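In what follows, a single structure is set out as structure tokens and then discussed.
The values are calculated or read from the model by the stated rules, or taken from the named source; none is laboratory data. Values in this document were obtained by computation on a predicted structure and should not be read as measured data. Don't worry about glycine lacking a Cβ; one is built from the backbone with ideal geometry, like all the others, and counts go over all protein chains shown. Quick note on the areas: whole protein, heavy atoms, side chains included, nothing else; ligands and nucleic acids left out. Shrake-Rupley method; radii C 1.70, N 1.55, O 1.52, S 1.80 Å.
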Amino acid sequence: MLLNSKSICMVILAATSFVSCQEKKSETTSEVTQPQTEQISEPKEISQNTNPKKGTHVASNLVCMVNDAYMGKEQIEVVFEGKKYYGCCNMCKEKIPKEEKVRYAVDPFSLKKIDKANAYIVVIGDNGEVAYFENENSYKSFLKGNK
């Protein structure tokens with residue numbers, strides 16, 4: 001009976017951790033896909049509101065870099081190899097130093113692998129999905145090439 005109680009506690013703990021991190025992730029993916037550019041516009045000011053429009057450049061500390069989602073509030077800072085990354089929960093905080101794939105993205109314009117810690121981040125979806133660009137010029141070039 002003691003084994004069953006321990007097992008139940010472990011399942012509850014794991015489920016709670018998973019659900020808390022999945023709160024904002026429900027409609028996001030961890031891979032960058034080609035965004036729908038007809039709805040994305042010229043770069044706007046860095047946003048700190050809870051629902052920025054598509055095409056808005058957002059501060060990296062407001063993005064969960066594991067879920068690739070704008071969260072609208074300050075995220076947990078994780079310093080790895082001298083660079084600052086951000087996650088929304090303890091699970092994300094643990095993944096950042098362990099999994100290289102959560103620290104890097106592909107720039108949709110140049111198709112180069114880029115470090116999320118140094119990226120120009122833009123909201124691309126209605127649910128806070130973000131894309132990572134090498135810099136603002138790469139984003140602007142992406143827009144011009146997809147009009």
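Is it fair to say Glu77 is modelled with pLDDT of 95 or more, part of a strand (DSSP E or B) and not polar (S, T, N, Q)?
yes
For Ser60, which of the numbered conditions (1) without any contact (Cβ under 8 Å) to a residue 24 or more places away in the chain; (2) surrounded by fewer than 21 Cβ atoms within 10 Å (Cβ to Cβ); (3) in contact with a Phe, Trp or Tyr (Cβ under 8 Å, 6 or more places away or on another chain) fails to hold?
(1)
Could you list, in sequence order, all residues of segment 100-133 that are open to solvent by less than 70 Å² (accessible area, probe 1.4 Å), of a type in the set (Asp, Glu) and either closer than 18 Å to Ala59 by Cβ or not in a loop (DSSP other than H, G, I, E, B) (or both)?
Those that are open to solvent by less than 70 Å² (accessible area, probe 1.4 Å), of a type in the set (Asp, Glu) and either closer than 18 Å to Ala59 by Cβ or not in a loop (DSSP other than H, G, I, E, B) (or both): Asp115, Glu129.
Can we say Asn137 is over 15 Å from the mean Cα position of the chain (by Cα) and either buried (at least 23 other Cβ atoms within 10 Å of the Cβ) or not in a loop (DSSP other than H, G, I, E, B) (or both)?
So Asn137 fits the description; yes.
When segment 85-99 is examined, which residues are found to be assigned to a helix (DSSP H, G or I) and without any contact (Cβ under 8 Å) to a residue 40 or more places away in the chain?
Result: Lys93, Glu94, Lys95, Ile96, Pro97, Lys98.
Could you please tell me which pairs satisfy a Cβ distance under 6 Å, a separation of 6+ or placement on different chains, a first residue in segment 126-139 that is touching a residue at least 60 places away in the same chain (Cβ under 8 Å), and a second residue that is of a type in the set (D, E, K, R) and open to solvent by 60 Å² or more (accessible area, probe 1.4 Å)?
Asn127/Glu27
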